[in-house]
Amino acid sequence: LWPQTLVGDVNGNGAIDLGDLTMLVDLVSKGSSNERSDVNNDNETSIGDITKLVEIIMQAGL
């Protein structure tokens, strides 16, 4: 069981920041995923997750 995490916390450090975006772009470019990389909850890791994470970061003003 994975502890509950923030949607968008791709690297698991407890915060949503540019480090998550960097990791997500790397995962998508490699065709990989992790248990936190499906940001938009469509059961795949893709460009859609990058778009959703950018929206989250922009809404937070980071």
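At a glance:
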| item | result |
| --- | --- |
| Odd one out for Leu18 among (1) touching a residue at least 24 places away in the same chain (Cβ under 8 Å); (2) surrounded by 13 or more Cβ atoms within 10 Å (Cβ to Cβ) | (2) |
| Selection within the stretch 45-60 - touching a Leu at 6+ places or on another chain (Cβ under 9 Å) and among the acidic types (Asp, Glu) | Asp49 |
| Subset of the stretch 39-49 [assigned to a loop (DSSP other than H, G, I, E, B) and within 19 Å of Leu18 (Cβ to Cβ)] | Val39, Asn40, Thr45 |
| Filtered residues of the stretch 50-62 (kept if in contact (Cβ under 8 Å) with a residue 24 or more places away in the chain and not in a helix (DSSP H, G or I)) | Leu62 |
| Members of the stretch 22-37 found to be surrounded by fewer than 19 Cβ atoms within 10 Å (Cβ to Cβ) and either among the small types (Gly, Ala, Ser) or assigned to a loop (DSSP other than H, G, I, E, B) (or both), listed by number | Ser29, Gly31, Ser32, Ser33, Asn34, Glu35 |
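All of the numbers you see were taken from the coordinates with simple rules; none came from a lab. Computed from a prediction, not measured in an experiment: that's the story for all the values here. Heads up, the Cβs are rebuilt from the backbone with ideal geometry, glycines too, and the neighbour counts pull from every protein chain shown.
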